[in-house]
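Trainee: Got a structure for you, written out below as structure tokens; questions coming shortly.
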Amino acid sequence: MEEILRGYHVNAPTWFYLSLLLILAVFFKFGRMWSIRNLDLALLLSLAPGLLFVRSTEPGSTLGYCWLFAVSGLLLFRLLFDWTLTRRPRMEQNLNPAGMAFLCAAAMLFQTTKIVTEAPDAGAMQTVASANDLLKRQDPSTETVVIEKGTVTGPAGRLLATPVVPLTGGAEIAAARAMAFLSHLAVLFGLIAVGRWHFSDTNLGLAMATMYLLLPVTAYDVTKVNHLLPAALIVWAVAAHRQPTIAGGLLGLACGTLFFPIFLLPIWMSYYWRRGALKFGLALVLTGALLLGSLVLTSADSHSFTRQTLGSIDWRFLKFQADDGVGFWSLYDYAWRIPVMATFVVLLVSLSVWPLKKNVETLLANSAAIIVATQFWYPDQGGTYVLWYLPLMLIVTFRPRLANFPAESREHEPKVTISESGANLRQDALAGLPRPQIYR
């Protein structure tokens, strides 16, 4: 960043200290010390030291991974019992909306500067190269480029990158940086849309976006496009959850980038069930057909199509042995990982069938819990992929108490609109109450 701001240099630990003070000043509820908001802030901030330990210690050390597993376990426990937290009032931030908007823009400017000055992520470069092959209708070379594990994306990644490559003149480095910027921008607008459409408060969406940019874990992996794309698609699926077709298409694209969104499908299918499960499933099938069609365009023959289809799936997460990997499970016998995976399967089935009638609250908490749970058994650097669940965790953290209405019936609920200081606030009327409750 010194190329743009002369004399400016902030290393990773210093950024953690600065962001810690700033987040506490803006979001910490000093008047309610024991609120669930403060607990969530503490858990999210506790992830950064674990990532710093992973990067600074020797490759054979497990201190960082044990730290991340401990914090992830607390996050998982908190998400599993999110349904018991019935008192969820709308909490105002310690900064007015104008100041929040300025802070969000300033934080985005600093993150953009970091994207421009740092070397692009190897996985992003590979995604851009694949998108260039798709535009030219060229069969990718049979020689596989060796890149960092956990960064390989599926066909959806290169499909989403195809509009960006021509805009940058075919320069892969510029396209990779543009993809990182646009991915963060998609997450920000998705969080704001969730606050506007479902929390009836744009300021809450702006607060979620600001905290996303301020958290150290975002700055540490700011260029990892292949981890940002599925997170952005999942956020927009949440924003469009009232439209099963759109949500199914977005989740289908997310499944086509990395593997972990596949585990969200049972939960989302049970959420819609008789209220749009057919539309949701049909959108998934059509999206899968679209992704397969993009592979056909760059396949010279059936052998090439098969190779690309199988090569687009990261099969490493199914391996029990992680001898060539890095992380906690690479240092211990693979047999210890088997009960962890079995517990994950039991958890996935349980959250898919319970509760039978899911609402938006359980959908958000269960989806975030499943993504967090994947960190415990993933064979390579498990626990470090915080960007997978960070936007969803922020939505769960900031959401107020929502009315327990089904997905489709909420469109016909009575609305109450008020005007306060020039800003329009909308609050859904709670069923069974003679007058709607409005939080000021």
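The values are calculated or read from the model by the stated rules, or taken from the named source; none is laboratory data. Source: prediction; values computed, not measured. Reconstructed Cβ throughout: ideal geometry from the backbone, glycine too, with neighbour counts over all protein chains shown. These area figures cover heavy atoms from the full protein model, side chains too; ligands, DNA and RNA do not enter into them. Shrake-Rupley method; radii C 1.70, N 1.55, O 1.52, S 1.80 Å.
Trainee: Out of Val235, Val194, Val225, I need the residue that is crowded, with 24+ Cβ neighbours inside 10 Å, among the β-branched types (Val, Ile, Thr) and either over 15 Å from the mean Cα position of the chain (by Cα) or closer than 20 Å to Phe110 by Cβ (or both). Which one?
Mentor: Val225
Trainee: In the stretch 38-78, what residues are surrounded by fewer than 17 Cβ atoms within 10 Å (Cβ to Cβ), in contact (Cβ under 8 Å) with a residue 40 or more places away in the chain and charged (D, E, K, R)?
Mentor: Arg55
Trainee: To continue, here is another question. Any chance you could count how many residues in the stretch 353-392 are open to solvent by less than 10 Å² (accessible area, probe 1.4 Å) and of a type in the set (Ser, Thr, Tyr)?
Mentor: 4
Trainee: Being free of Cβ contacts under 8 Å to residues at least 40 places away in the same chain, in a helix (DSSP H, G or I) and under 30 Å from Thr343 (Cα atoms) is the filter here, so list the residues in the stretch 79-118 that pass it.
Mentor: Scanning the stretch 79-118 gives a single hit, Thr84.
Trainee: I would also like to ask the following. Considering every residue within the stretch 58-66, establish whether at least one is modelled with pLDDT of 90 or more and assigned to a loop (DSSP other than H, G, I, E, B).
Mentor: Taking every residue of the stretch 58-66 in turn, none turns out to be modelled with pLDDT of 90 or more and assigned to a loop (DSSP other than H, G, I, E, B).
Trainee: Then there is this: Just one of the numbered conditions (1) assigned to a helix (DSSP H, G or I); (2) modelled with pLDDT under 90 is not true of Thr343; which one?
Mentor: (2)
Trainee: Do you know which residues across the stretch 197-222 are farther than 26 Å from Val164 by Cα, of a type in the set (Phe, Trp, Tyr) and open to solvent by 10 Å² or more (accessible area, probe 1.4 Å)?
Mentor: If the condition is that a residue be farther than 26 Å from Val164 by Cα, of a type in the set (Phe, Trp, Tyr) and open to solvent by 10 Å² or more (accessible area, probe 1.4 Å), then Trp197 is the only one that fits.
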